Amino acid sequence: VLSFDISMTSTILERISTLSLSTQQLSRLPKLLEEGFPKMPCTVKECDVPQLFREPYIYSGYRPIEQEWRYYFLSIFQQHNEALNVWTHLLAAVTVLLQVQAIVEEQMLSLDAYSLPFYIFILACLMYLVFSVLAHLLQSQSELAHYSFYFLDYVGVSAYQYGSALAHYFYSTEQTWYNKIRLFFLPGAAVFGWLSCSGCCYAKYRYQRPYPVMRKLCQVIPAGLAYILDISPIVHRIVVCLQTGCTDE
């Protein structure tokens with residue numbers, strides 16, 4: 001009996017010791033988590049960042065430059081001057097993915113040539129949104145990061161332009177309009193997309209604040225021409241519909 005009591009006492013003491021150790025580890029968990037994440041510097045005022053990172057009429061809320069990359073990724077949960085831009089594009093990307101998932105679950109997609117423009121369009125949408133999230137989230141790290149990620153953002157915008165043109169061409173073009181534009185529409189959309197990307201990149205790198213009018217022209221003219229061409233199947237379809245007295249049915 002004495003041997004049994006000693007054995008039970010030893011077992012209980014071991015369990016208490018293990019529980020005590022577990023409690024100590026749990027008490028250290030917040031500190032371990034704090035040490036595992038980088039310190040989040042407070043946002044700074046306009047005068048504390050170089051001119052390149054300043055935005056008109058925004059006087060505070062800037063993230064300090066030259067921090068570790070982890071800080072800029074984690075700043076997605078911080079209030080700063082780019083937070084709204086980050087979250088609007090991020091939520092839009094999630095919405096696109098959820099919509100695609102709903103379409104897939106309804107078995108409305110198939111792997112054939114007819115569906116290929118749709119897949120390209122979805123990919124272009126995600127490229128545009130994800131690249132924009134990265135640009136607004138990470139551009140404050142350094143001057144090189146600022147230019148690199150905004151150039152990537154412009155690539156996403158141009159990809160979205162061409163993806164939209166592709167979807168309009170194959171899914172929204174009336175036969176009469178198709179016969180008129182089929183030889184130049186897609187090559188023209190590709191050229192204007194490239195010009196739009198090149199114009200935005202050139203204007204971003206070439207001109208500094210206060211921005212001259214030429215900067216806006218380099219950005220707007222190629223993008224405007226791309227928009228006019230890309231949207232033409234929709235405009236033609238609406239005009240034909242109004243002329244023929246079509247209805248929703």
Quickly rank 65-75, 216-226 as a protection proxy: mean count of other C-beta atoms within 10 Å, highest first. 216-226, 65-75
Taking a temperature of 4 °C and a viscosity of 1.567 mPa s, what whole-number D in µm²/s does Stokes-Einstein yield for segment 62-166 with Rh from Kirkwood over alpha carbon pairs? 86 µm²/s
The orientation-averaged projected area of the Cα convex hull of segment 155-249, in nm², is 7.6 nm²
Per residue, how much accessible surface does segment 118-196 expose to a 1.4 Å probe? Answer in Å², no decimals. 46 Å²
Highest to lowest packing among 228-238, 169-179, scored as the average C-beta count within 10 Å: 228-238, 169-179
What order do you get for 54-63, 126-135 when each peptide is scored by the mean count of other beta carbon atoms within 10 Å, highest first? 126-135, 54-63
Hey, could you grab the Kirkwood Rh for segment 111-158? Inverse mean 1/r over distinct alpha carbon pairs, Å, one decimal. 11.5 Å
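The values are calculated or read from the model by the stated rules, or taken from the named source; none is laboratory data. Nothing here was measured: the structure is a model prediction, and the numbers come from that model. A quick note on method: Cβ atoms are made from the backbone with ideal geometry, for glycine too, and the neighbour counts reach across all protein chains shown. Ligands, DNA and RNA are excluded from the accessible area calculation, which covers all protein heavy atoms including side chains. Shrake-Rupley method; radii C 1.70, N 1.55, O 1.52, S 1.80 Å.
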